[in-house]
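No value in this document is a laboratory result; all are computed from the given coordinates. Keep in mind it's a predicted model, so treat the numbers as computed, not measured. Cβ placement follows ideal geometry from the backbone for every residue including glycine, while neighbour counts extend to all protein chains displayed.
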Amino acid sequence: MPETHPFDDAIALQWQFESGHRGETSPAYANMVGPFGGITAAQTLNAVLQHPQCQGEPVALTVNFCAAVADGAFHIIARPVRTNRSTQHWIVETIQNGECVIAATVFTALRRDTWHAPEHAKPEVPSPADVPLRGGRPRVEWINRYEMRFIEGAIPAHWDGSGATASLSRLWMRDQPARGLDYPALAAMADVFFPRIWRRRATLVPVGTVSLTVYFHADRDLLVTTGTGYVLGQAQAQAFRKGYFDQTAQLWNEAGDLLATSHQVVYFRE
């Protein structure tokens, strides 16, 4: 039998009826402490998508990181709190050792054809083939799961406090090895960007995402069309103040379709 993709292994869940889904963290997506936040977001979303009562496609996902997720097993309890004719609202909790470590909401909907127009256009950037692969040895394992080609704003080469005048980063990315794009993968890519404070200060201060929201603009047909192609990601902070900063991100496919946008707030410590 062919081997499954590391991403599919990482988000795999076992349905256990009243007790929800059981899952385990994956060493392939290990971060400095616990798992990569993007894979946690993907697992959270997958619990809804695999639920027998799920209707429609995801439109919005908010993941609140209440505590650090420990390596090992966890339970995800997803329940629909309101189902209308074309929309559905979910509350999702991840439980470890009897305590909630992730509290999330998911909004799904039956999409229909309407007027549409782009407003946040894909920036003019070199094609993926013209941008070199990220070099250097990664500090954490999950980075090896992505092919990254930084156009600008790569992680600092020297932690000397020199920093940059702006926190903007742009890069082409896709799963490594390549994998067809779906909603869990897109949710994970929305968190691929390293913390913006590291870009601004070139100082390796402790950080942790507190809340991550992803808005999905792509329907399933557009994800299928994007396939295993590259995704252009762009991220920038808006303010750093009193221990917290936020960062916004946009994700386009190579054709220039805006697939998703995200916003997160991050804790940092001097």
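If only the Cβ of Lys and Arg carry +1 and only the Cβ of Asp and Glu carry -1, the dipole of the chain around its Cα centre is close to 660 debye.
Cβ-to-Cβ counts within 10 Å put 196, 241, 82, 179 in ascending order as 241, 82, 179, 196, the fewest first. For the stretch 160-270, the equivalent ellipsoid built from the Cα gyration tensor has semi-axes of 28, 14, 11 Å, listed from largest to smallest. When 251, 61 are sorted by how many other C-beta atoms sit within 10 angstrom of their C-beta, beginning with the fewest, the order is 251, 61.
Taking the three principal axes of the alpha carbon atoms in the stretch 54-158, the coordinate ranges are 47, 47, 18 Å, sorted in descending order.
Calculated on the alpha-carbon coordinates, the convex hull of the stretch 92-147 measures out at 212 cubic angstrom per residue. Could you give log10 I(q)/I(0) at q = 0.12, 0.19 Å⁻¹ for the stretch 85-222, computed by the Debye formula over C-alpha point scatterers of equal weight, without solvent? Once normalised to I(0) and log-transformed, intensities are -0.69, -1.38. The ranking of 192, 205 by Cβ neighbour count inside 10 Å, starting from the fewest, reads 205, 192. Across 231, 63, 207, mean-square fluctuation computed from a Gaussian network of the chain (C-alpha pairs under 10 Å connected) peaks at 207. Working from label points 7 Å from Cα in the Cα-to-Cβ sense, the residue 91 to residue 269 distance is 3.0 nm.
Helix-only arithmetic for the chain: the sum of -39500 (n - 2.57) across DSSP H runs with n ≥ 4, divided by the residue total, places the mean residue ellipticity at 222 nm at -4000 deg cm²/dmol.
Among the listed options (1) 53, 46, 45; (2) 52, 49, 41; (3) 54, 39, 34, the one matching Cα extents along the principal axes in Å as calculated from these coordinates is (1).
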